1. Over the chain, what relative contact order in percent results from Cα pairs under 8 Å that are six or more residues apart?
2. Using the Karplus curve 6.51 cos²θ - 1.76 cosθ + 1.60 with θ = phi - 60°, what ³J(HN,Hα) values do you get for each residue of the range 5-11, in whole Hz, with x for Gly and Pro?
3. Leaving out ligands, DNA and RNA, what percent of the accessible area of the chain is carbon and sulfur, probe 1.4 Å?
4. Translational diffusion coefficient of the chain at 10 °C, 1.306 mPa s, Stokes-Einstein with Kirkwood Rh over Cα pairs, in µm²/s as a whole number.
Amino acid sequence: MSPERLLRDVAGALLRRQAVAPAAQALVSLGRLLLERGRALDAERAFDEAALHAQSVKDQALSLSARIWQAAARTDAGQLTAAE
């Protein structure tokens, strides 16, 4: 099983168990992995999902971290206006 698949499965399992903050952290880890592999658009979507889950449980630090990573992914993808 690939690390990407494992992180997706873990995030999904955590969400099914209502462990939203840990799921968001797993999604941030997934996004970072995707970003390192040059898949900026996929990473941007993972960071966006992580931020939304973090916001839903009012974890501002995790939400901010996900949004910062999302901006980095958008920059890598050449979406400079959206990264602002």
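1. Values: 111 pairs, mean separation 20.4, N = 84.
Normalised by residue count, the contact order of the chain is 24 percent.
2. Couplings: 4, 4, 5, 4, 5, 5, 4 Hz.
3. Numbers: 2680 of 5000 Å².
The value for the chain is 54 percent carbon and sulfur by accessible area.
4. Working: Rh = 12.4 Å.
After rounding, the answer is 128 µm²/s.
The values are calculated or read from the model by the stated rules, or taken from the named source; none is laboratory data. If you're wondering where the values come from, they're calculated on a predicted model, not measured in any experiment. Ligands, DNA and RNA are stripped out before the accessible areas are found, and what is left, the full protein with its side chains, is counted by its heavy atoms. Shrake-Rupley method; radii C 1.70, N 1.55, O 1.52, S 1.80 Å.
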